[in-house]
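The values are calculated or read from the model by the stated rules, or taken from the named source; none is laboratory data. Predicted model only: the values in this text are computed from it and were never measured. Cβ placement follows ideal geometry from the backbone for every residue including glycine, while neighbour counts extend to all protein chains displayed. Ligands, DNA and RNA are excluded from the accessible area calculation, which covers all protein heavy atoms including side chains. Shrake-Rupley method; radii C 1.70, N 1.55, O 1.52, S 1.80 Å.
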Amino acid sequence: MSTAGFNSQNGTGTGQAYANGPSQNPVALQQLPGVSYGMTHQPAYNPMQPKATTSPAPGLYPSGPYQPVPPVSSHQPGPQLSSYPSSPGQPLLSRPLMGGPPPHTPPQSSSPSPGPRLPPAQATPPPPPGVSTTSYYPNPQQPMAPAWQYNTATPPMGPATSMSTHPRGPVANHMNQAASLAAPSPSSSAAYSSAPTPHSTTQLSGPGITPTSMHGYHQPGTAPPPMNLMAPQTYQPSRPAYGPPPTGPPPTMKPTPPPTGPPMANATPPPPKTDGAVAGNGPQASNSYNHVDNKMAGLTQPGPPGRHLGHYPSLPPGYQNTSAPHTTPPMHPAMQAATQPYTQAPQPYQQLPGGPGPAQLSPSLAAMSLQSSTPESLRAVNLLQERNLLPPTPVPAPTPCLPQDLQKINCNPEVFRCTLTSIPQTQSLLNKAKMPLGLLLHPFKDLSQLPVVTSSTIVRCRSCRTYINPFVSFLDQRRWKCNLCYRVNDVPEEFMYNPVSRSYGEPHKRPEVQNATIEFIAPSEYMLRPPQPAVYLFVLDVSHNAVETGYLNVFCQSLLDNINALPGDSRTKIGFITFDSTIHFYNLQEGLSQPQMLIVSDIEDIFLPTPDSLLVNLNECKELVQDLLKSLPNLFQKTMETQSALGSALQAAFKLLSPTGGRMSVFQTQLPNLGVGALQSREDPNQRASAKDIQHLSPATDFYKKLALDCSGQQVAVDLFLLSSQYCDLASLGCISRFSAGSVYYYPSYHHQHNPAQVERFQKDLKRYITRKIGFEAVMRIRCTKGMSIHTFHGNFFVRSTDLLSLPNVNPDAGFAVQMSIEENLDDMQVVSFQAALLYTSSKGERRIRVHTLCLPVVNSLSDIFAGADVQAITGLLACMAVDRSVTASLGDARDAMTNAAIDSLTSYRQSVLTIQQPGLLAPACLRLFPLYVLALLKQRAFRTGTSTRLDDRVSAMYQLKYQPLIYSMLMIHPALYRVDDLSDEGALNVNERTIPQPKVLQLSVEKLSREGAFLMDAGIVMYLWIGRNCHPNFLMQVLGVPNYAAVPENLYLLPELDTAESQRTIAFIGWLRDQRPFFPSLHVIRDESQLKPHFMQNMIEDRTESALSYYEFLLHLQQQISK
């Protein structure tokens, strides 16, 4: 690579200049779903192998009408669903491969392999007319790589290259010199603030961020601890080293004390290779922050390897922080369980002399070795015999097997969790486990406690640009060793002062080294331009169809009610565009007596009539904005215009927002049918229940994706609200949000009179949307320890380089997932770390960096890997991968692959972990719910077959699975069922002087229902209250206010507020469930005769339907496949 090319990346050379606009390279704007860093490591486990060409045997999971599962004895062997290459000399752990190459055959060069990260910046020929370029991957014409790989890259762009061709991107994630968010420069002033951030706040911290003194420190608020919280699940000598407490029937074995074997060798990881950094090539999209990042990224030789983390031989032991623990309000059991170790304020990390650090963890880990004791999480469970496996309370996230002082400061699993809480030493070991390795993130989550640091010096590794964190090693007071690349760095002079204790010489006690989640207020080096103002543009469909739905009244009233809560400052701007067959702009310039409407009818060549007065300062023009919102619903009340020129309206909005960036909120009620981006209906209602593969899951045009990429380049995100009673081709329209880091809100059958429950949901969602905090012009980078790499991302974003996600807007309700592989053996490491850094501009115009760091142990045995499996995280990642597989291959392939994932992991457990072979379908206790969750996915709206499902409903469900944080998507996969006609105060929570009952979670089976009872099903975005035919009259009268069953109204969606204890308990419980999520689930009260009863029954996952197996039949199918 030429020097000029490298220098231009750093902003200093004669290469291509950076511009605040779309990249000049059309190829650079293509979505890169995953980039591999090399193919020299162990072939990855691949459950998504394309099916063999032989016809399926009866034993395969049927996608058509129900076929009885034959008994084991008469089962005919069918073709293998997937194969797993293993390294030479290792036994093959899978079923014999039929109809395909032998397992050790090297991949042929004809199959896609990683090509260049970005092709040279030359003109890209347009695709042939018949080829759509709008699939999830850039080149749908290219044959897919061997299906759905857990640990290798998805097919890159460009022509396939031979296996010997090395990619031209960085060799590994942690060594990319041009791959971090930005670089600081040392200075001298620091201040620390840790103001609690309320859940509903619209800004990141209180006003007390600016310190009154040079080293001001604001202590977090304190309050009594929440009630009914379980003890943290951290390692204690008196209990098994892994896993949550036993659930269901008590285990027959007693916990064995930890073994006392000899400790492992205290190996120190090697210093990083200095030749590993290869600069990316080709011009990059604007605002990539790469060149800013390298001002301090000098490459000097690492110092001597250090062994101690925070071990200062000459220093006295650190002091204890005596502040009282803070409070978060009592939470939904699922969230409460997920945050058990994190319910107290961050405690100082005690790095006492001789205390364990990542470089000397082996004695602690040896004491926690699982070789000679069986923890609860590995207890063998016979799924065919143990009926009641579902715990009565939501499943907690497993606790990594780390020393207690490390675990105490580890990242909250609601923010950052891994599918495997014990990382395998090698890729081959991961392949044997047959489980996916990935991270699930909720990086901008509303946090009740967020330490905020104001400092002119942000301490980062000079080599890999990792932010200093609790898991680095201090060799002495002046040097620290990076926990990702192991480079030794100097401690800046300013960092020697600790603002918490007002003392000098204790860098290991600074807040950056005490908190796994922290936020920095960034200095000017982290800005490419002055921080943008908060800019909001609303694009509204006003066609006849839109006016009929009545959504315009709700929108205008909601914005009027909440306009003062819109996040921003004195610079906040706002604008409006309406459209039907023409585009309408609104001049809101200060000085006008009323808003002025300007109509542009030339939709083929759109232009802005008065560019300077269409986006106006909200504070200066608030009265005009309010006048417009009051008059808009009446303005189009009698329109007969039925056409929709959405594409032209989006182009106009893009032109308006391009100079500043901002948020575009689009409201659409029908299929766009005029001008650019016009679509035609692709749905055949007769095929909705087809058992064959579902068509049209991919976009019909690339117009919306291309426009989204243009928006992303100009820091514009697009949020889409789709309110419709007819097909709108969400698969095409959704691209405008997917690739611009926006959100999709979907309200099927929306009508202000006929569907009041949807109206209520829209109102509540809109209030949250308008008032929640927001980050502008954001980028996020995820780094991991040397030897590991990230290759595929899931969520709404644009991948700007191999590991940099472009997020023009970031919101607190967005989740992300990444898949990882192990590039190099991790033999000499005891722990690995992952760090997500989110750089954004707050609505107040501050440049901020939020950093999350997660530390996990490295293990060398399959039993340890299984013991640390996080079944919900695995299910969430599997769902993301299945969505991609459905679009790039077929729904049938994705369904088979999910079934294979359950078969393969249980096969691996049986063959490699179980010491005593027993009959039955055996699973480790930590994975006992995995087959149930896989069956739930197969019956979920996104993936089900044989049941009538509207195409937009299916695509919407797929978007939710890819975009929702795990804790919310799990309710959509496996709803929670409660009996609510006998609620009591026993075990109840006390929240804000309200008593919240805590009924048990029931299995999703009709056998758990009773005609004498009432049952609440919480399915995430919808709730059903099912009333039994013989329900006790007392409940009907006290809760529903009706004398008998026949008097229950047909479309009841609001519970009356009655002055009875039963009513107050029921309303309190439902309200408390709703408060735990950022979106509003509508409630439907249903009887046996209700039209919605089939929707309720479809969520009874454990029961058999005409087109799907029952849970027991599914288990028999798994057993037949495993015993082949």
For this session: Look at region 579-606 and say how many of its residues are among the aliphatic types (A, V, I, L, M) and part of a strand (DSSP E or B).
Result: 5
Exercise. So, in region 929-970, of the ones that are part of a helix (DSSP H, G or I) and of a type in the set (Gly, Ala, Ser), which residue ends up farthest from the chain's Cα centre (by Cα)?
Worked result: Ala936
Exercise. When the residues of region 493-534 are filtered to those that are more than 25 Å from the chain's Cα centre (by Cα) and of a type in the set (Val, Ile, Thr), which remaining residue is farthest from Asn809 (Cα to Cα)?
Worked result: Val500
Problem set entry | Residue check for Phe576: assigned to a helix (DSSP H, G or I), under 18 Å from Val666 (Cβ atoms) and not aliphatic (A, V, I, L, M) | no
Seminar exercise, completed: Those residues of region 634-670 which are open to solvent by less than 10 Å² (accessible area, probe 1.4 Å) and of a type in the set (Gly, Ala, Ser) amount to Ser644, Ala645, Gly647, Ser648, Ala649, Ala652, Ala653, Gly661, Gly662, Ser665
For this session: Keeping to region 1057-1098, report how many residues are in a loop (DSSP other than H, G, I, E, B) and open to solvent by less than 40 Å² (accessible area, probe 1.4 Å).
Result: 10
For this session: Hey, could you check region 1043-1064 for residues that are among the acidic types (Asp, Glu) and over 37 Å from the mean Cα position of the chain (by Cα) and say which is farthest from Ala1014 (Cα to Cα)?
Result: Asp1059
Exercise. Among Ala837, Ala879, which is the only one that is under 23 Å from the mean Cα position of the chain (by Cα), part of a strand (DSSP E or B), of a type in the set (Gly, Ala, Ser) and within 30 Å of Lys773 (Cβ to Cβ)?
Worked result: Ala837
For this session: Would you tally the residues in region 1035-1056 being in a loop (DSSP other than H, G, I, E, B) and of a type in the set (Val, Ile, Thr)?
Result: 2
Exercise. Residues of region 673-691 being among the charged types (D, E, K, R) and free of Cβ contacts under 8 Å to residues at least 60 places away in the same chain, which ones?
Worked result: Asp684
Seminar exercise, completed: Note on region 1041-1056: residues touching a strand residue (DSSP E or B) at 6+ places or on another chain (Cβ under 7 Å) and over 17 Å from Cys1031 (Cα atoms) are Tyr1053
Exercise. Has region 1040-1051 got at least one residue that is in contact with a Pro (Cβ under 9 Å, 6 or more places away or on another chain), surrounded by fewer than 20 Cβ atoms within 10 Å (Cβ to Cβ) and within 30 Å of Ser908 (Cα to Cα)?
Worked result: no
Exercise. Does region 390-412 contain at least one residue that is open to solvent by 20 Å² or more (accessible area, probe 1.4 Å), out of contact with any Ser or Thr (no Cβ under 9 Å at 6 or more places or on another chain) and at pLDDT 95 or above?
Worked result: no
For this session: Check region 505-514 and report whether any residue there is open to solvent by 10 Å² or more (accessible area, probe 1.4 Å) and small (Gly, Ala, Ser).
Result: no
For this session: Please go through region 1062-1081 and pick out each residue that is farther than 13 Å from Leu1016 by Cβ and either touching a helix residue (DSSP H, G or I) at 6+ places or on another chain (Cβ under 8 Å) or of a type in the set (Asp, Glu) (or both).
Result: Glu1062, Ser1063, Asp1075, Gln1076, Arg1077, Pro1078, Phe1079, Phe1080
Exercise. Looking only at residues in region 1000-1021 that are hydrophobic (A, V, I, L, M, F, W, C) and in contact (Cβ under 8 Å) with a residue 60 or more places away in the chain, which one is most open to solvent (accessible area, probe 1.4 Å)?
Worked result: Val1006
For this session: Looking only at region 612-624, decide whether some residue is in a helix (DSSP H, G or I), over 23 Å from Thr701 (Cβ atoms), in contact (Cβ under 8 Å) with a residue 24 or more places away in the chain and open to solvent by 30 Å² or more (accessible area, probe 1.4 Å).
Result: yes
Exercise. Would region 754-764 turn up any residue that is open to solvent by 10 Å² or more (accessible area, probe 1.4 Å) and touching a His at 6+ places or on another chain (Cβ under 6 Å)?
Worked result: yes
Exercise. Is there a residue being closer than 29 Å to Leu430 by Cβ, open to solvent by 10 Å² or more (accessible area, probe 1.4 Å) and modelled with pLDDT of 95 or more anywhere in region 802-823?
Worked result: yes
For this session: Name the one entry in Phe474, Phe444, Phe520 that is touching a strand residue (DSSP E or B) at 6+ places or on another chain (Cβ under 8 Å), open to solvent by less than 20 Å² (accessible area, probe 1.4 Å), part of a loop (DSSP other than H, G, I, E, B) and more than 30 Å from Pro633 (Cβ to Cβ).
Result: Phe444
Problem set entry | Residues satisfying the stated conditions in region 579-610, i.e. closer than 22 Å to His544 by Cα, open to solvent by less than 50 Å² (accessible area, probe 1.4 Å) and modelled with pLDDT of 95 or more | Phe579, Asp580, Ser581, Thr582, Ile583, His584, Phe585, Tyr586, Leu598, Val600
Seminar exercise, completed: Conditions (1) crowded, with 23+ Cβ neighbours inside 10 Å; (2) in contact with a Leu (Cβ under 9 Å, 6 or more places away or on another chain); (3) farther than 30 Å from Gln695 by Cα; (4) touching a residue at least 60 places away in the same chain (Cβ under 8 Å) -> Tyr909 fails only (4)
Problem set entry | Check on Gly575, at positive phi and crowded, with 17+ Cβ neighbours inside 10 Å | no
For this session: Considering (1) open to solvent by less than 10 Å² (accessible area, probe 1.4 Å); (2) more than 30 Å from Gln695 (Cβ to Cβ); (3) assigned to a helix (DSSP H, G or I), say which one Ala901 fails and leave the rest.
Result: (2)
